[in-house]
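Data first, discussion second: the structure below is written as structure tokens.
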Amino acid sequence: MPNPTAAMLVIGDEILSGRTRDSNMNHLAKVLTEAGIDLKEARVVSDDQTAIVAAVQALSKAYDHVFTSGGIGPTHDDITADAIGAAFGVSVDVRDDARALLQAHYDRAGTTLNDARLRMARIPDGAALIDNPVSTAPGFTLGNVNVMAGVPAVFEAMVASVVSKLAHGAPLLSETWRIMRGEGDVAQPLSQIAQDHPDLSIGSYPFQKDGVYGTNIVIRGTEATRVAAAMAQLQALFPA
């Protein structure tokens, strides 16, 4: 049975402008790989509702799970909740359970739950809350779309909560073989190995060290015996 599939949607002008470096995609990819959920696509869109709606609808239809990051904070440009509501055709408003979480959090901190902070309690109708043990303001899941914060510590905590509840597949195994020859030398035999093992993912990643060209070959798959067979074939062609 094939592994579940997933996509990620990174939302935010700050990512596209280069002001903020995204680390969430890398984290999610590692977590999903360990869970046997295949991350098939990742997109980055600006803080534009039309763009977010179009991306959410396309990814939700194409994959088993969608994970978004960014745009659920207290400022005017945090429009993800409204965009998700529009994508699913449901209304968005302050919800009592989300408001209660925020009220308790700000009461403990001795801070006022003002209108800006209350924006973080706006949840699309029918969504389930995602726990936020870091800063309380919840994410949410609607359909197969999991909507999470962009702050890495919060995103990572929310991912842990969501992925623990999903059906897992077979974890992806990965083996690497380092060859001190350029890609042009390994391309033809590598193509044959790929044809012999169509169920595996075989990648070629060139590098240069001290003026010498080399290639890292990475073989990935869910069955250890098949990965080992392909690796043995590669090592026979390019011994250490």
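If the cut-off is 26 Å between C-alpha atoms, which lysines fall inside it for Lys30, apart from same-chain ones fewer than 8 positions away?
Here the lysines satisfying the reach criterion relative to Lys30 are Lys40, Lys61, Lys165.
Rounding to the nearest 10 and keeping the result within 0 to 90°, find how far the Cα-based axis of helix 152-163 lies from the longest principal axis of the chain.
Once rounded, the angle reads 80 degrees.
Determine the dipole magnitude for the chain: charges of +1 sit on the beta-carbon of Lys and Arg, -1 on that of Asp and Glu, nothing else is charged, the reference point is the Cα centre, and the result goes in debye to the nearest 20. Don't jump to the answer; show the numbers that get you there.
Details: 18 positive and 27 negative charges, 71 e Å.
Computed charge dipole of the chain: roughly 340 debye.
How far is helix 183-196 tilted off the main Cα axis of the chain, in degrees rounded to 10, range 0 to 90?
In the chain, helix 183-196 runs at an angle near 80 degrees to the longest axis.
Can you give the charge dipole size of the stretch 1-131 about its Cα centre, rounded to the nearest 20 debye, using +1 on the beta carbon of Lys and Arg and -1 on the beta carbon of Asp and Glu?
Details: 12 positive and 19 negative charges, 37 e Å.
Computed about the Cα centre, the dipole is about 180 debye.
How would Ser201, Ser17 rank on accessible area, largest to smallest, probe 1.4 Å? Intermediate results must be reported in sequence, preceding the final value.
On the way: Ser201 60, Ser17 85 Å².
Ranked list, largest accessible area first: Ser17, Ser201.
Size of the dipole of the stretch 154-240 about the Cα centre, Lys and Arg at +1 and Asp and Glu at -1 on the beta carbon, nothing else charged, in debye to 20?
120 debye
Mean shadow of the stretch 8-105, computed from the convex hull of its alpha carbons, in nm²? Show your work: numbers first, answer last.
On the way: hull surface 30.3 nm².
Computed as one quarter of the Cα hull surface, the answer is 7.6 nm².
Give the accessible area for Val227 in Å² (nearest 10); use a 1.4 Å probe, count only protein heavy atoms, and leave out ligands, DNA and RNA.
10 Å²
Which whole-Hz couplings ³J(HN,Hα) result when phi for each residue of the stretch 107-112 is put into the Karplus expression 6.51 cos²θ - 1.76 cosθ + 1.60, θ = phi - 60°, listed in order with x for Gly and Pro?
5, 4, 7, x, 10, 7
Sort Val163, Val151 from largest to smallest accessible area, using a 1.4 Å probe on the heavy atoms of the protein chains.
Values: Val163 10, Val151 90 Å².
Of Val163, Val151, the descending order of accessible area is Val151, Val163.
Go through Thr50, Thr33, Thr136, Thr80 and list them by solvent-accessible area, largest first, probe radius 1.4 Å.
The ranking, largest first, comes out as Thr50, Thr33, Thr136, Thr80.
Compute a Gaussian network model of the chain, connecting alpha carbons closer than 10 Å, and tell me which residue from Met180, Met158, Met148 fluctuates the most.
So, out of Met180, Met158, Met148, the one fluctuating most is Met180.
Of [x] 18; [y] 12; [z] 35, which one was derived for percent of Cα pairs over 32 Å apart from the structure shown?
Structure-derived value, by its label: [z].
The values are calculated or read from the model by the stated rules, or taken from the named source; none is laboratory data. Everything quoted here is computed from the prediction, not taken from an experiment. Note: ideal-geometry Cβ built from the backbone for every residue, glycine included; neighbour counts use all protein chains shown. Just so you know, the surface numbers come from the protein's heavy atoms only, side chains and all, with ligands and any DNA or RNA stripped out. Shrake-Rupley method; radii C 1.70, N 1.55, O 1.52, S 1.80 Å.
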